[in-house]
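Participant: Encoded as structure tokens, here's the structure I'll be asking about.
The values are calculated or read from the model by the stated rules, or taken from the named source; none is laboratory data. All values derive from a computational prediction rather than experimental measurement. Here Cβ is always computed from backbone atoms with ideal geometry, including for glycine, and neighbour counts include all displayed protein chains. Side chains included, ligands, DNA and RNA excluded: accessible areas come from the protein's heavy atoms. Shrake-Rupley method; radii C 1.70, N 1.55, O 1.52, S 1.80 Å.
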Amino acid sequence: MRLLWLCNVAPSEVRQAAGGRPGSGWWLDHAFSDLRKTGVPMRILYPEETGRGELDDKCSYATFRRPDRHKYDPAMETFFRQELQDFQPDVIHIWGTEYAHTLAMLRACEKAGLLDRTAVSIQGLCTACARHYTEGIPYAVQRRFTFRDFLRQDNILQQQKKYALRGEMETKALQITRHVIGRTDWDRACTGFVVPQARYHFCNETLREPFYTGRWRYADCEKHRIFTSSCVYPIKGFHYLLEAFAQVARKYPDATLAVPGVSFLDGGLKSRLRRDSYHKYLMELSEQYHLGDKITFLGKCTPEGMREQYLRANVFTLPSTVDNSPNSLGEAMLLGTPCVAADVGGVSTMLNHGREGFLYPSADPEMLAYDICRVFEMADRAETLGAEASRHAAKTHDPAKNLADLMDIYRLLSGEEREP
């Protein structure tokens, strides 16, 4: 079996070989490493400017120019047709529907008569992201421009429009797809209505290796410390978390909030010029609720650094307005960190409310605050929640099971295995 992967980012081992840079700890690394041990010949295609090469006689890679995410470039089809002709894959696995190169590869496979051997993994769904992008943000904030937004013509409403344009390409890609790989009831429902003729294959994800070791303990955590994994853009829901945090802080004045990334509270000239409308809004909320001295910005976190933050926190929160199967939630669950998550997308497939953590309506910061306080009040009894979540996540993210399921899909697509 010869396997071709099309990825938005290369596995760290490939990135290091291509550019001499250290690995980045991408979530794809663990699955790639496990798959390499099977000896399957592989070709990795990904967008970057590093050319082509080989890891060894079993794995090669090639790159292509990274296109605008919301614009289609027909030249990619030509590149992919040549790659298909040169490598002669038995199976093509495309990771993610949300990129223009997905549509280009599917069209190349269609012309080559390879759609029956091609599968697309669902990661995020841009149509859903566009629909939820501005949730909970005042319209005046959505439409305004900071200096950075004006230069880039990229305010919140324009960002939403770009997601919608990507969603149009995503729909076109799904409409010619014959095999979908997913992992939640939500992604199965969403894709099933767009492409009812496609075969749905269930396969869970394997997470980054550092999160398979370590266990959260109440005695070792920093009491009343909240950790969340991102405040980068609106669908991560950090604005809702700030509203909830304001209520938590009134009940627990010593409560703190930690998040990876650079501070949006920096008042320096360069920071103000670079600040987008969303982060300006987060700054305004923080000032309104007097939260600035309670928020810790962690900068860029390695996987090991993220693990330390999960273990240090009293509770992990996922305030997203839309999500499929967020890896951050899986990581926290594996470690046994008590979790409070918005009940959006496929989250309820991952976490059982009440027994393994708490789910709340995403647009209700009052419920988010209430559930955070519930975890605080549980004290060491929160370890029971974490232990149940860890047992569930160990099954969901079992590397051996997930590799076996993925190989079964590949064998089916390649014709090595017949339908049962």
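Participant: List the pairs from K172/K236; K71/K162; K236/K280 whose alpha-carbon separation is above 20 Å, in the order I gave them.
Facilitator: Pairs exceeding the cut-off: K172/K236.
Participant: Here's another thing I want to ask about it. P(r) of region 262-420 in 5 Å steps, Cα pairs, percent per bin?
Facilitator: 2, 8, 13, 16, 16, 15, 11, 7, 6, 3, 2, 1, 0
Participant: Right, next: Need one number: % antiparallel among DSSP beta bridges in region 189-341, to the nearest 5.
Facilitator: Expressed as a percentage, antiparallel bridges in region 189-341 total about 10.
Participant: Taking the C-alpha atoms of region 148-226, how large are the radius of gyration and the largest Cα-Cα span, Dmax, in Å?
Facilitator: 20.1, 53
Participant: Rounded to the nearest 10 Å², what accessible area does D149 show when all protein chains are kept and the probe is 1.4 Å?
Facilitator: Counting only protein heavy atoms, D149 exposes about 0 Å² to solvent.
Participant: Which label belongs to the value computed from this structure, given these candidates for mean projected area of the Cα convex hull in nm²: (1) 18.5; (2) 24.7; (3) 20.1?
Facilitator: Working out mean projected area of the Cα convex hull in nm² from the coordinates points to (3).
Participant: Given R₀ = 22 Å, what would the calculated FRET efficiency be for A219 paired with R374, taking r from the Cβ atoms and rounding to 0.05?
Facilitator: 0.70
Participant: How high is the relative contact order of the chain, in percent, with contacts defined as C-alpha pairs under 8 Å that are six or more residues apart?
Facilitator: 16 percent.
Participant: For the chain, what is the calculated [θ] at 222 nm in deg cm²/dmol (nearest 500), taking -39500 (n - 2.57) for each run of four or more DSSP H residues and dividing by its residue count?
Facilitator: It comes out at -13500 deg cm²/dmol, rounded to the nearest 500.
Participant: Please report, for the Cα atoms of region 64-123, the Rg to one decimal and the Dmax as a whole number; what are they, in angstrom?
Facilitator: Final numbers for Rg and Dmax: 10.9, 30 Å.
Participant: Where only protein heavy atoms count, and the probe is 1.4 Å, what is the accessible area per residue for region 261-315 in Å²?
Facilitator: 54
Participant: Leaving out ligands, DNA and RNA, and with a 1.4 Å probe, what % of the accessible surface on region 228-382 is carbon or sulfur?
Facilitator: After summing per-atom areas, the C and S share lands at 50 percent.
Participant: How much of F147 can a 1.4 Å solvent probe reach, expressed as accessible area in Å² and rounded to 10?
Facilitator: 110
Participant: If you don't mind, another one. Taking the Cα centre of the chain as the origin and placing charges on Cβ (Lys, Arg +1; Asp, Glu -1), which of S271, F202, L311 is farthest toward the positive end of the dipole?
Facilitator: S271
Participant: Just to confirm my numbers, what's the Cα centroid distance between region 102-169 and region 248-289 in Å?
Facilitator: 26
Participant: Here's something else I'd like to know. For K161, which aspartates and glutamates qualify as cross-link partners when the Cα separation must be under 20 Å and same-chain residues fewer than eight apart are set aside?
Facilitator: D68, D73, E98, E135, D149, E170, D276, D323
Participant: Give me the one-decimal nm value for the distance between modelled label points at D408 and Q82, 7 Å along each residue's Cα-to-Cβ direction.
Facilitator: Rounded to a tenth, the inter-label distance reads 3.9 nm.
Participant: Can I ask one more? Compare S60, S121, S325 in a GNM of the chain, Cα atoms joined below 10 Å, and give the one with the largest fluctuation.
Facilitator: S60
Participant: Run the numbers on region 203-322 and let me know its relative contact order in percent, using alpha-carbon pairs under 8 Å that are six or more apart.
Facilitator: The normalised contact order for region 203-322 reaches 45 percent.
Participant: Here is a further query. How large a share of the accessible area of region 104-160, in percent, is made up of carbon and sulfur atoms when the probe is 1.4 Å and the other protein chains stay in place?
Facilitator: In region 104-160, the share of accessible area belonging to carbon and sulfur is 53 percent.
Participant: On a full-extension model of 0.36 nm per residue, what is the gain between A164 and K251, subtracting their alpha-carbon distance, rounded to one decimal in nm?
Facilitator: Value of the extension gain: 27.3 nm.
Participant: Now for a separate question. To the nearest 0.05, what FRET efficiency results for E366 and V9 with a Förster distance of 35 Å applied to their C-beta separation?
Facilitator: Here the calculated transfer efficiency is 0.40.
Participant: For H290 and Y200 in one chain, what is 0.36 nm times their gap in residues minus the Cα-Cα distance, to one decimal in nm?
Facilitator: 27.6 nm
Participant: Can you give the extra length, in nm with one decimal, that the chain gains between N352 and A140 once fully stretched, where that is 0.36 nm per residue apart less the Cα-Cα distance?
Facilitator: Length gained, N352 through A140: 72.6 nm.
Participant: Compute, for the chain, the length of the dipole vector about the Cα centre, with Cβ point charges of +1 (Lys, Arg) and -1 (Asp, Glu) only. Units Debye, rounded to 20.
Facilitator: 840
Participant: With a 1.4 Å probe and all protein chains in place, put T134, T228, T296 in order of accessible area, largest first.
Facilitator: The ranking, largest first, comes out as T296, T134, T228.
Participant: Okay, moving on. How much accessible area per residue does region 12-115 have, in Å², with a 1.4 Å probe?
Facilitator: Value for region 12-115: 44 Å² per residue.
Participant: Taking all protein chains together and a probe of 1.4 Å, list W27, W216 from the most accessible to the least accessible.
Facilitator: W27, W216
Participant: In addition: So what is the relative contact order for region 39-178, in percent, with contacts set as C-alpha pairs under 8 Å and at least six apart?
Facilitator: 23
Participant: Sorted by accessible area (1.4 Å probe), largest first, how do K37, K162 line up?
Facilitator: Heavy-atom accessible area, descending, gives K37, K162.
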